[in-house]
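Asks: Here you go, one structure.
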Amino acid sequence: MKEAFLKLPQRVYLGENLLDKLGEFLQTRKNTNVLLFTDQGLLKAGLVQPLEDYLQAHGIAYQIESEIKPEPSYTQVDALFKKVSQFNFNTIVAIGGGSVMDAAKLISLLLHTDLSVKDLINDPTKAQKHCATVFIPTTAGTGSEATINAIVSIPEKQVKFGIVADAMLPDLVLLDGNNVKNLPKSILASSAIDALSHCVECYTAKNATVMSDGVALLGAKLIFKNIIKAYQDTKDIQAREALQLGAFYGGVAITASGTNIVHALSYPLGGKFHIAHGVANAILFKACMETNKPAIEDRLAALCTNIWPEEGSKSTSAKADFVIAKIAEIVAKTEIPTDLKKFGVQETDLDFLVDSALEQKRLLSHNLKKLTRSEIAQIYKAVM
Ligand SMILES: NC(=O)c1ccc[n+]([C@@H]2O[C@H](COP(=O)([O-])OP(=O)(O)OC[C@H]3O[C@@H](n4cnc5c(N)ncnc54)[C@H](O)[C@@H]3O)[C@@H](O)[C@H]2O)c1
Ligand SMILES: [Zn+2]
């Protein structure tokens, strides 16, 4: 028997100027009162104003909250929840990157309960959604708008952690190209590499299904073919939109097969050294694929055949190497800082990194290759 499933948001719209779709959705809700959830970077980028204008023009009550920090800790989300729970909202419209959307997901689960984020970390089966959610992603991106995960850091353990619950799926997603038009190059690159790692990890995962394979491949192709173009030519809006869609597909793939090696090793780098999630993934991506190669060679080769059919005459091993070389080329050409020493990581941190990665049991269980302690240590050493 084979299992094939995906979990999807209720409705997704792609294109530009999609706010009427938000209006239509809000009209279906009684006594709509919106929590407009975002962060300071989005306010500065001017991406929240059109939403405010729209809500005002249509007489829809809203309150804005923008204090969430990038890559928040669970205590920060709890504190923000206390603040916003005083507003009488029944719909969250979250506009931002993964940090904003993940915090919004958690708030939708905490509302009208006595739970804290720690309770959900300890027992995600307690998660139930208590208000409608609308996600408008602005990076290109985590795919959080499509996943059933919310990632928080746990400062006392110096690590990041993924809470997983179906209740996190949103009611509406707007993939509006306008939101990535002016995304700064460095965030574009690191968030798109995060998305690429979602697609490649899902395509090579132990739990991959025919359906997760389909969407992971669509996403991988869009990102492989467009990321360098989008980075080098900031006016190439089509390439940016391709990354935005590829990131969405990566998120959908995660709902079935989950991420694995890159994310398991990346969380300690984010948790202790505060390296941005996409940057940490970029640093580890090639070395992780090389270590996994004996177990996933045929999967990488299938990616190669599908995305670069002109390489079809190569051997399976050479095709896998081709994909790994493309990953390395992308990291180099998008100028992502990869020197761990510059982030304060020392060789003496190796034991912490390995112990902490081994704690990511959920992610490592999705990896086709069972990783030994020494293999994990070798990966970190390779990027130091
Ligand atoms: N839930 C999931 O499935 C999932 C998947 C992957 C990563 N994540 C998590 O998402 C977080 C990272 O999210 P991210 O990479 O999207 O970045 P982010 O949300 O942390 O944003 C990074 C910075 O970019 C700014 N920004 C975002 N969009 C912008 C735009 N269009 N113009 C100008 N500035 C903009 C933000 O204000 C912020 O300062 C991490 O915590 C990561 O662990 C979650
Ligand atoms: Zn990720």
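The values are calculated or read from the model by the stated rules, or taken from the named source; none is laboratory data. Every value quoted in this text rests on a predicted model; they were computed, and no experiment measured them. Cβ placement follows ideal geometry from the backbone for every residue including glycine, while neighbour counts extend to all protein chains displayed. The accessibility values were calculated without ligands, DNA or RNA, using every heavy atom of the protein model including side chains. Shrake-Rupley method; radii C 1.70, N 1.55, O 1.52, S 1.80 Å.
Asks: Can you find, within region 71-98, the residue that is nearest to Thr142 (Cα to Cα) among those that are within 16 Å of ligand 1 (Cβ to nearest atom) and touching a Lys or Arg at 6+ places or on another chain (Cβ under 7 Å)?
Replies: Per the stated criteria, the residue is Tyr74.
Asks: Is there a residue being touching a Gly at 6+ places or on another chain (Cβ under 8 Å), over 23 Å from Ala332 (Cα atoms) and either more than 13 Å from ligand 1 (Cβ to nearest atom) or charged (D, E, K, R) (or both) anywhere in region 194-209?
Replies: Yes - at least one qualifying residue is present in region 194-209.
Asks: On to the next question. Take the conditions modelled with pLDDT under 95 and farther than 17 Å from Asp194 by Cβ and apply them to Lys341. Does it pass?
Replies: Details: modelled with pLDDT under 95: yes; farther than 17 Å from Asp194 by Cβ: yes.
The answer is yes for Lys341.
Asks: Continuing with the same structure: Take the residues of region 245-257 that are in contact with a Gly (Cβ under 9 Å, 6 or more places away or on another chain) and more than 10 Å from ligand 1 (Cβ to nearest atom): which is farthest from Ala357 (Cα to Cα)? Please lay out each step first, then the result.
Replies: So in region 245-257, the residues in contact with a Gly (Cβ under 9 Å, 6 or more places away or on another chain) come out as 245-254.
From what is left, the residues that are more than 10 Å from ligand 1 (Cβ to nearest atom) are 245-246, 248-249, 252-253.
On the way: Leu245: 30, Gly246: 27, Phe248: 26, Tyr249: 26, Val252: 24, Ala253: 22 Å.
That would be Leu245.
Asks: Being basic (Lys, Arg) and under 18 Å from the mean Cα position of the chain (by Cα) is the filter here, so list the residues in region 220-249 that pass it.
Replies: First, the residues of region 220-249 that are basic (Lys, Arg): 221, 225, 229, 235, 240.
Within region 220-249, Lys221, Arg240 meet the criteria.
Asks: Could you name every one of the helices (runs of 4 or more DSSP H) located completely within region 38-149 that has at least 3 residues being farther than 19 Å from Pro170 by Cα and within 20 Å of the chain's Cα centre (by Cα)?
Replies: Working: elements: 40-44, 49-57, 74-84, 98-110, 117-122.
Answer list for region 38-149: 40-44.
Asks: Could you say which residue among Val34, Val100, Val93, Val48 is in contact with a helix residue (DSSP H, G or I) (Cβ under 6 Å, 6 or more places away or on another chain) and not polar (S, T, N, Q)?
Replies: The match here is Val48.
Asks: Of all residues in region 142-168 being more than 11 Å from ligand 2 (Cβ to nearest atom) and open to solvent by 30 Å² or more (accessible area, probe 1.4 Å), which is farthest from Leu358 (Cα to Cα)? Steps first, answer last, please.
Replies: Start the filter on region 142-168 by keeping residues that are more than 11 Å from ligand 2 (Cβ to nearest atom), which leaves 145-146, 148, 150, 152-159, 161, 163-168.
Those left that are additionally open to solvent by 30 Å² or more (accessible area, probe 1.4 Å): 155-158, 161, 164, 166.
On the way: Pro155: 18, Glu156: 17, Lys157: 13, Gln158: 14, Phe161: 13, Val164: 19, Asp166: 25 Å.
Taking the candidates together, the pick is Asp166.
Asks: Does region 1-37 hold any residues that are within 17 Å of Ile95 (Cβ to Cβ), of a type in the set (A, V, I, L, M, F, W, C) and either assigned to a helix (DSSP H, G or I) or open to solvent by less than 80 Å² (accessible area, probe 1.4 Å) (or both), and which are they?
Replies: If the condition is that a residue be within 17 Å of Ile95 (Cβ to Cβ), of a type in the set (A, V, I, L, M, F, W, C) and either assigned to a helix (DSSP H, G or I) or open to solvent by less than 80 Å² (accessible area, probe 1.4 Å) (or both), then Val12, Leu18, Leu19, Leu22, Phe25, Leu26, Val34, Leu35, Leu36, Phe37 are the ones that fit.
Asks: Yes or no: Lys105 within 16 Å of ligand 2 (Cβ to nearest atom), outside the structural domain of Gly251 (by TED's automatic domain parsing) and either open to solvent by 60 Å² or more (accessible area, probe 1.4 Å) or farther than 19 Å from Asn179 by Cα (or both)?
Replies: Values: within 16 Å of ligand 2 (Cβ to nearest atom): yes; outside the structural domain of Gly251 (by TED's automatic domain parsing): yes; either open to solvent by 60 Å² or more (accessible area, probe 1.4 Å) or farther than 19 Å from Asn179 by Cα (or both): yes.
In short, yes.
Asks: Keeping to region 31-58, report how many residues are touching a residue at least 40 places away in the same chain (Cβ under 8 Å) and either away from ligand 1 (no atom under 16 Å from the Cβ) or of a type in the set (A, V, I, L, M, F, W, C) (or both).
Replies: Result for region 31-58: 12.
Asks: Scan (1) away from ligand 1 (no atom under 13 Å from the Cβ); (2) among the β-branched types (Val, Ile, Thr); (3) at pLDDT below 95 for the single condition Val159 breaks and write down its number.
Replies: (1)
Asks: Also, I was wondering about something else. Looking only at helices (runs of 4 or more DSSP H) that fall completely inside region 305-374, which ones have 3 or more residues that are within 24 Å of Tyr203 (Cα to Cα) and open to solvent by 30 Å² or more (accessible area, probe 1.4 Å)? Break it down into steps so the answer makes sense when it comes.
Replies: Working: elements: 316-333, 350-358, 361-364.
Passing ranges, in order: 316-333, 361-364.
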